[in-house]
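Scroll down for the structure; my scribbles are underneath it.
The values are calculated or read from the model by the stated rules, or taken from the named source; none is laboratory data. This one's a predicted model, so the numbers in the text were calculated from it and none came from an experiment. As a convention, Cβ positions derive from the backbone with ideal geometry for all residues, glycine included, and neighbour counts pool all protein chains shown.
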Ligand SMILES: Nc1ncnc2c1ncn2[C@@H]1O[C@H](COP(=O)(O)OP(=O)(O)O)[C@@H](O)[C@H]1O
Ligand SMILES: [Mg+2]
């Protein structure tokens, strides 16, 4: 009896390792000051995103998605609240330190690709490494381009690439510094559905095979169904946050009526019944 008791108390039970939040924001607000007016765009947002998650952020135009993404990407500071990025409290860092954190931890992908017009794919992807003073640049850039299926397009200019391929160059550029996460603001917004699928395939592959954390904004419920979690924003607040039961595999299913199904699920949260808000 005693023996059993002793054993029980001396044996150390290994605690399961707590999952690590890459993003941990607590009661974030953001107010824009415009002369006499001030506009509170984010009204107290708390959100945790863990390593390896693939999250889409949805919400009507003007609901604060880009404002939130800019804060998550350390491009902008919240008016109040806390932000721990990969364990570091970044809400109080100055611009210089913040820029360093940004360069090391975050890869950005934009709706409009933001590629340099007269620069080859390889050079575009090398640039973040140049800024970071990293060595072995061309090899790393080549590997990043290969990982997005553009190993045969190293010397191409943006004008010689399709929209989907250009966005893949931008993804390779985001990846090349081996960031803790990729943030993308409507990355498929300027693409036709085939190129959109191409880009989703890359994101899913990066998330699945390399465990890269991905957060992106989309208006498209069908695209959102390819991610693992959907966070819905409305008027600067999170109104829904749900796991996608069975995320779709990009390119495997044709766009069916399930998109409408999801729209149905989120309709109330997304549109709030006010139809006039979206067109
Ligand atoms: N720099 C800014 N100064 C003033 N108002 C802004 C600024 N950026 C965005 N806003 C306003 O904040 C609101 C939310 O914008 P935004 O975050 O871009 O929304 P979304 O990306 O969801 O469309 C809008 O009303 C927009 O006009
Ligand atoms: Mg926006």
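It is to be established whether one or more residues within the stretch 69-76 are in contact with a helix residue (DSSP H, G or I) (Cβ under 6 Å, 6 or more places away or on another chain), within 16 Å of ligand 2 (Cβ to nearest atom) and in contact (Cβ under 8 Å) with a residue 24 or more places away in the chain. Full working, then the answer.
Here is the first cut: in the stretch 69-76, the residues in contact with a helix residue (DSSP H, G or I) (Cβ under 6 Å, 6 or more places away or on another chain) are 74, 76.
If we keep only those that are within 16 Å of ligand 2 (Cβ to nearest atom) as well, we get 76.
From what is left, the residues that are in contact (Cβ under 8 Å) with a residue 24 or more places away in the chain are 76.
Yes: one or more hits.
Starting from residues that are in contact with a helix residue (DSSP H, G or I) (Cβ under 7 Å, 6 or more places away or on another chain) and farther than 24 Å from residue 251 by Cα, keep the ones in the stretch 159-193 and report whichever is surrounded by the most Cβ atoms within 10 Å (Cβ to Cβ).
176
In the stretch 1-33, how many residues are modelled with pLDDT of 90 or more and more than 16 Å from ligand 2 (Cβ to nearest atom)?
The initial filter retains those residues of the stretch 1-33 that are modelled with pLDDT of 90 or more, namely 21-33.
Add one more test, that the residue is more than 16 Å from ligand 2 (Cβ to nearest atom), and what stays is 21-29, 31, 33.
Adding up the residues that qualify gives 11.
Please enumerate the residues belonging to the stretch 60-84 that are within 11 Å of ligand 1 (Cβ to nearest atom), touching a strand residue (DSSP E or B) at 6+ places or on another chain (Cβ under 9 Å) and outside any helix (DSSP H, G or I). Quick ask: steps written out before the conclusion?
Of the stretch 60-84, the ones within 11 Å of ligand 1 (Cβ to nearest atom) are 60-71, 76.
After this cut, where a residue has to be touching a strand residue (DSSP E or B) at 6+ places or on another chain (Cβ under 9 Å) as well, the list is 60, 62-71, 76.
Across the stretch 60-84, the qualifying residues are 60, 62, 63, 64, 76.
Name the residues in the stretch 34-61 that are within 16 Å of ligand 2 (Cβ to nearest atom) and farther than 20 Å from residue 188 by Cβ, would you?
39, 41, 42, 45
Residues are listed down the side, and each one gets a yes or a no for (1) part of a helix (DSSP H, G or I); (2) under 20 Å from residue 209 (Cα atoms); (3) touching a residue at least 12 places away in the same chain (Cβ under 8 Å):
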position: 98; (1), (2), (3): yes, no, yes
position: 117; (1), (2), (3): no, no, yes
position: 124; (1), (2), (3): yes, no, yes
position: 127; (1), (2), (3): yes, no, yes
position: 139; (1), (2), (3): yes, no, no
position: 159; (1), (2), (3): yes, no, yes
position: 166; (1), (2), (3): yes, no, yes
position: 169; (1), (2), (3): yes, yes, yes
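What is the number of the single condition among (1) buried (at least 19 other Cβ atoms within 10 Å of the Cβ); (2) at pLDDT below 95 that residue 141 does not meet?
Only one criterion in (1) buried (at least 19 other Cβ atoms within 10 Å of the Cβ); (2) at pLDDT below 95 is unmet by residue 141, namely (2).
Quick check on the stretch 176-188: of everything there that is more than 16 Å from ligand 1 (Cβ to nearest atom) and outside any loop (DSSP other than H, G, I, E, B), which residue is nearest to residue 50 (Cα to Cα)?
Among them, the one singled out is 181.
Of 154, 150, 129, which residue is out of contact with any strand residue (DSSP E or B) (no Cβ under 9 Å at 6 or more places or on another chain), surrounded by fewer than 22 Cβ atoms within 10 Å (Cβ to Cβ) and more than 24 Å from residue 96 (Cβ to Cβ)? Give the steps one after another, and end with the answer.
On the way: 150 fails: surrounded by fewer than 22 Cβ atoms within 10 Å (Cβ to Cβ); 129 fails: more than 24 Å from residue 96 (Cβ to Cβ).
Unique residue meeting the criteria: 154.
Which residues, taken from the stretch 20-59, are over 17 Å from residue 106 (Cβ atoms), assigned to a loop (DSSP other than H, G, I, E, B) and in contact (Cβ under 8 Å) with a residue 24 or more places away in the chain?
59
Scan (1) within 12 Å of ligand 1 (Cβ to nearest atom); (2) surrounded by 20 or more Cβ atoms within 10 Å (Cβ to Cβ); (3) more than 12 Å from the chain's Cα centre (by Cα) for the single condition residue 33 breaks and write down its number.
Checking residue 33 against (1) within 12 Å of ligand 1 (Cβ to nearest atom); (2) surrounded by 20 or more Cβ atoms within 10 Å (Cβ to Cβ); (3) more than 12 Å from the chain's Cα centre (by Cα), the one that fails is (2).
Anything in the stretch 210-231 that is more than 25 Å from residue 60 (Cβ to Cβ) and either part of a helix (DSSP H, G or I) or within 16 Å of ligand 1 (Cβ to nearest atom) (or both)? List them, or say none.
Here is the first cut: in the stretch 210-231, the ones more than 25 Å from residue 60 (Cβ to Cβ) are 210-213.
Selection gives 210 alone.
Would you please name the residue that is nearest to ligand 2 (Cβ to nearest atom), looking only at residues in the stretch 189-209 that are without any contact (Cβ under 8 Å) to a residue 40 or more places away in the chain and assigned to a loop (DSSP other than H, G, I, E, B)?
191
Any chance you could count how many residues in the stretch 98-114 are surrounded by fewer than 19 Cβ atoms within 10 Å (Cβ to Cβ) and either in contact with a helix residue (DSSP H, G or I) (Cβ under 8 Å, 6 or more places away or on another chain) or over 18 Å from residue 181 (Cα atoms) (or both)?
Total satisfying the criteria: 4.
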